[in-house]
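The values are calculated or read from the model by the stated rules, or taken from the named source; none is laboratory data. This structure is a prediction, so every number in the text was calculated from the model and none was measured. Positions of Cβ are backbone-derived with ideal geometry, glycine not excepted, and every protein chain shown enters the neighbour counts. Surface areas here come from the heavy atoms of the whole protein model, side chains and all, with no ligands, DNA or RNA. Shrake-Rupley method; radii C 1.70, N 1.55, O 1.52, S 1.80 Å.
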Amino acid sequence: MSKALVNAMVGMKENEAISIAKDLIEKGEDPLNILAACREAMDTVGKRFEKGEFFLPELMMSGEMLRQISELLKPLLKGDVQTERSGKVIIGTVQGDIHDIGKDIVVLMLDVNGFEVMDLGIDVPPDKFVDAIKDFQPAVVGLSGFLTLAFDSMKETVAAIQAAGLRDNIKIMIGGGQIDDEIKTYTTADAYGKDAMEAVKLTKEWIGVG
Ligand code: B12
């Protein structure tokens, strides 16, 4: 774990953070370790925001740094992309929530692991998930969210999928910073995944590959 990268991000030193990330990439550091350092930095930024030490500009700046670093990492992760698609996944950030950095990492990891992914974007209402499921017919649906209010949106989305008669044919996974197994039970989703690798693992298990 690169402490220097964590410190630069928490210190809001954008140029320094990007150049450390580039250095790490050049030295052959595992891209997933670089992402782990970014996540640690985001957690610290979030805690300071909660304590009133940081404000919205810092949240935005940390998000921007992470986005730039993810862009740098994309080609490396894309290295082992498979050409044959092994199953369909729909994913989106649930209604009321616009946090999408984590979701985008999940989309990227599912993509490089050979799944066909439809990304519905942010602030996605339940009926948009339902319509997309009817059209795209995925085996797996992923709901992402970072806000506490996302818990209810996730529950409503699962309920809408059930009400549309689509629940039996799909597996639903949820994830995002504050999600855990308790929220999984609350929303009646099938599983909770703590990070993008876990999203891939769950999808592989459910689709029966790998
Ligand atoms: C960056 C950030 C923002 C950026 C978001 C930019 C963007 N495009 O996403 C901006 C500035 C826009 C923002 C806005 C707000 N934010 Co904000 N934000 C954050 C911050 C600092 C980091 C989030 C992040 O990107 N983390 C890094 C990613 C990589 O992690 P991740 O999302 O968890 O993703 C990983 C896993 O969770 C998992 N995963 C994610 N999705 C899924 C899905 C599935 C299916 C699976 C299996 C796995 C999975 O895989 C990912 C990769 O490994 C967090 C603090 C924190 N603790 O992290 C606060 C935080 C989430 N924000 C918070 C708040 C309050 C807000 C605002 C309400 C602030 C305001 N007053 O306006 C608004 C909300 C707007 C809205 N309606 O959504 C609070 C939420 C508190 C709460 N209890 O609800 C937090 C926790 C900060 C805090 N501690 O107070 N924010």
What do you reckon, is ILE34 assigned to a helix (DSSP H, G or I), away from the ligand (no atom under 13 Å from the Cβ) and over 12 Å from the mean Cα position of the chain (by Cα)? no
Number of the condition not met by GLN68 [criteria: (1) part of a helix (DSSP H, G or I); (2) surrounded by 15 or more Cβ atoms within 10 Å (Cβ to Cβ)]: (2)
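Would you point out which residue out of PHE55, PHE49 is loosely packed, with under 13 Cβ neighbours inside 10 Å and of a type in the set (Phe, Trp, Tyr)?
PHE55
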Any helices (runs of 4 or more DSSP H) falling wholly within segment 108-201 and containing at least 1 residues that are within 12 Å of the ligand (Cβ to nearest atom) and either open to solvent by 40 Å² or more (accessible area, probe 1.4 Å) or closer than 25 Å to VAL45 by Cα (or both): 150-163, 181-187
Just checking, which of VAL130, VAL107, VAL141, VAL112 is touching a helix residue (DSSP H, G or I) at 6+ places or on another chain (Cβ under 6 Å), hydrophobic (A, V, I, L, M, F, W, C) and under 16 Å from ALA196 (Cα atoms)? VAL112
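I'd like to know if segment 81-100 contains one or more residues that are part of a helix (DSSP H, G or I) and either farther than 18 Å from MET12 by Cα or within 10 Å of the ligand (Cβ to nearest atom) (or both).
No; the residues of segment 81-100 include none that is part of a helix (DSSP H, G or I) and either farther than 18 Å from MET12 by Cα or within 10 Å of the ligand (Cβ to nearest atom) (or both).
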